1. I'd like the full set of residues that are free of Cβ contacts under 8 Å to residues at least 40 places away in the same chain, farther than 12 Å from Asn125 by Cα and out of contact with any Gly (no Cβ under 9 Å at 6 or more places or on another chain), limited to the stretch 85-103.
2. Mind checking which residues of the stretch 115-151 are at pLDDT 80 or above and farther than 21 Å from Arg72 by Cα?
3. Give the residues of the stretch 98-113 that are of a type in the set (Gly, Ala, Ser), crowded, with 19+ Cβ neighbours inside 10 Å and in contact with a strand residue (DSSP E or B) (Cβ under 7 Å, 6 or more places away or on another chain), sorted by residue number.
4. Condition first: on the phi < 0 side of the Ramachandran plot, of a type in the set (Gly, Ala, Ser), over 16 Å from the mean Cα position of the chain (by Cα) and open to solvent by less than 30 Å² (accessible area, probe 1.4 Å). Can you find one or more residues in the stretch 62-76 that meet it?
5. Please pick out the residue among Ile92, Ile29, Ile23 that is surrounded by fewer than 18 Cβ atoms within 10 Å (Cβ to Cβ), over 14 Å from the mean Cα position of the chain (by Cα) and modelled with pLDDT under 85.
6. Out of all the residues in the stretch 97-110, is one or more at positive phi and modelled with pLDDT under 90?
7. Would it be correct to say that Val128 is within 25 Å of Asn145 (Cα to Cα) and open to solvent by 20 Å² or more (accessible area, probe 1.4 Å)?
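The values are calculated or read from the model by the stated rules, or taken from the named source; none is laboratory data. Just so you know, these numbers come straight off a predicted model, no measurement behind them. Positions of Cβ are generated from backbone atoms using ideal geometry, with glycine treated the same way; all protein chains shown enter the neighbour counts. For accessibility, only protein heavy atoms count, side chains too; no ligands or nucleic acids. Shrake-Rupley method; radii C 1.70, N 1.55, O 1.52, S 1.80 Å.
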Amino acid sequence: MNFLRNMALVVSLAIATLLVAEIVTRWLIPVPDWHEDTVRLFTYSRPDLPELGMPNSDARMARVGEYDVRFRFNRHGLRDNRDITEARADEIIFVGDSQTFGFGVQEQERFSELVGEKLGVGTYNLAVPTDIRGYKQLLEFAVKNGARAQHL
């Protein structure tokens, strides 16, 4: 009888210890939820555009074991260190969704930056972190603000 009582006590203590360890670990090392971070990063919206970053702001998004990325948004709320209004006809404007935006990679690692570097031309990144439904709105925004862009 003592053996069963002792075993029940050991099992109960082990479960309680694991439970406390789990709670303390979650409290000390929270795992960020990228959906929650995205909502905070891209809350600036205008009726004529899809969601953009807050103009002239910095943000950071991290997902444990996957990425830790810094975002710098220019005065238009775009993730680009160049101003789309300065785009020339001989430069390339990349318009797109989260892939073009560079979700999960540093700015210099985006394919738009790599293509521009390889071709030796200036590039501009006109992208949103969500879906591509805003393509036409983004391009119209760029043209309205002085970029020499056209639909291909």
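1. First, pick out the residues of the stretch 85-103 that are free of Cβ contacts under 8 Å to residues at least 40 places away in the same chain: 90-92, 94, 96-103.
Those still in the list that are farther than 12 Å from Asn125 by Cα too: 90, 103.
Within the stretch 85-103, Phe103 is the sole residue that qualifies.
2. Those that are at pLDDT 80 or above and farther than 21 Å from Arg72 by Cα: Lys118, Leu119, Gly120, Val121.
3. Step one: of the stretch 98-113, the residues of a type in the set (Gly, Ala, Ser) are 98, 102, 104, 112.
This time we only want the ones that are crowded, with 19+ Cβ neighbours inside 10 Å, so: 102, 112.
Of everything in the stretch 98-113, just one residue is of a type in the set (Gly, Ala, Ser), crowded, with 19+ Cβ neighbours inside 10 Å and in contact with a strand residue (DSSP E or B) (Cβ under 7 Å, 6 or more places away or on another chain), namely Ser112.
4. At the first step, the residues of the stretch 62-76 found to be on the phi < 0 side of the Ramachandran plot are 62-64, 66-76.
Checking which are of a type in the set (Gly, Ala, Ser) leaves us with 62.
Keeping just the survivors that are over 16 Å from the mean Cα position of the chain (by Cα) gives none.
No, the stretch 62-76 contains no residue that is on the phi < 0 side of the Ramachandran plot, of a type in the set (Gly, Ala, Ser), over 16 Å from the mean Cα position of the chain (by Cα) and open to solvent by less than 30 Å² (accessible area, probe 1.4 Å).
5. Working: Ile92 fails: modelled with pLDDT under 85; Ile23 fails: modelled with pLDDT under 85.
None of the others qualify; the one that does is Ile29.
6. Initially, the stretch 97-110 is screened for residues at positive phi, giving 102, 104.
Adding the requirement that they be modelled with pLDDT under 90 leaves 102, 104.
Taking every residue of the stretch 97-110 in turn, at least one turns out to be at positive phi and modelled with pLDDT under 90.
7. On the way: within 25 Å of Asn145 (Cα to Cα): yes; open to solvent by 20 Å² or more (accessible area, probe 1.4 Å): no.
Answer is no for this residue.
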